[in-house]
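To start, the structure under review is shown below, and the notes come after it.
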Amino acid sequence: MTALVFPVSNDELTRRADTCQKELLAANVKLTTPPVSRLRLQSIVPTGCKGDRITGARVTFSFTVEPSDCNTWGTIHGGCVFTICNAAGKIATAVVANGAKNIVSTDLTTNYLAGVTVGSTVVVEIECLRTTKSIGFLRGSIKDDKDTLCYVCVQNVCFEL
């Protein structure tokens with residue numbers, strides 16, 4: 001079996017991800033900036049292509065949980081999980097829909113399966129399953145440093161090209 005060859009270089013996909021994260025940080029309010037600024041891009045894996053563009057991608061980040069991210073029980077706060085999934089989903093959309101602007105979540109559902117404590121480094125994996133001319137469909141997960149599935153999300157976004 002031969003490996004798929006994708007029409008867009010990994011350097012270009014990384015540039016798209018970095019640009020979107022910088023735009024999110026520039027536009028964000030103080031409450032949501034700290035978690036977004038600590039998302040560290042680990043990998044981008046295209047999952048499909050059509051002609052000269054990719055049609056899907058799995059984007060993986062790491063994130064270290066700090067005390068400011070936690071609730072009174074010492075585990076990551078639900079709002080922080082939501083913010084991380086929201087930002088990662090927008091970045092994944094920007095990777096797939098080259099030139100996407102004004103990316104806005106229209107629906108984001110998160111499910112909390114297990115808590116993550118301060119000091120843990122989690123893996124955030126978001127997959128942009130498909131984009132149309134103005135809508136992206138995504139799913140994601142957050143796993144702790146023991147590879148335990150802690151949070152899952154499903155997200156829809158709209159954007160302008």
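The residue 19 and residue 133 beta-carbon pair, evaluated with R₀ = 25 Å, returns a calculated FRET efficiency of approximately 0.75. Averaging the Cα positions of each part gives two centres, and for the stretch 58-80 and the stretch 87-161 these lie 15 Å apart. Element breakdown for the chain at a 1.4 angstrom probe: carbon and sulfur atoms account for 55% of the accessible area.
Entry comment: accessible area of the chain is 53 Å² per residue, from protein heavy atoms only and a probe of 1.4 Å.
List the GluC sites (Glu not before Pro) within the stretch 100-161 that DSSP assigns to loop and that have no more than 16 neighbouring Cβ atoms inside 10 Å. Passing both the DSSP loop test and the Cβ count: no residue. When the trypsin sites (Lys or Arg not before Pro) in the stretch 57-161 are filtered for DSSP coil states and for at most 14 other beta-carbon atoms within 10 Å of their beta-carbon, the remaining sites are 133, 146.
The values are calculated or read from the model by the stated rules, or taken from the named source; none is laboratory data. Computed from a predicted structure; not experimentally measured. Note that each Cβ is placed from the backbone with ideal geometry, even for glycine, and that neighbours are counted across all protein chains shown. For accessibility, only protein heavy atoms count, side chains too; no ligands or nucleic acids. Shrake-Rupley method; radii C 1.70, N 1.55, O 1.52, S 1.80 Å.
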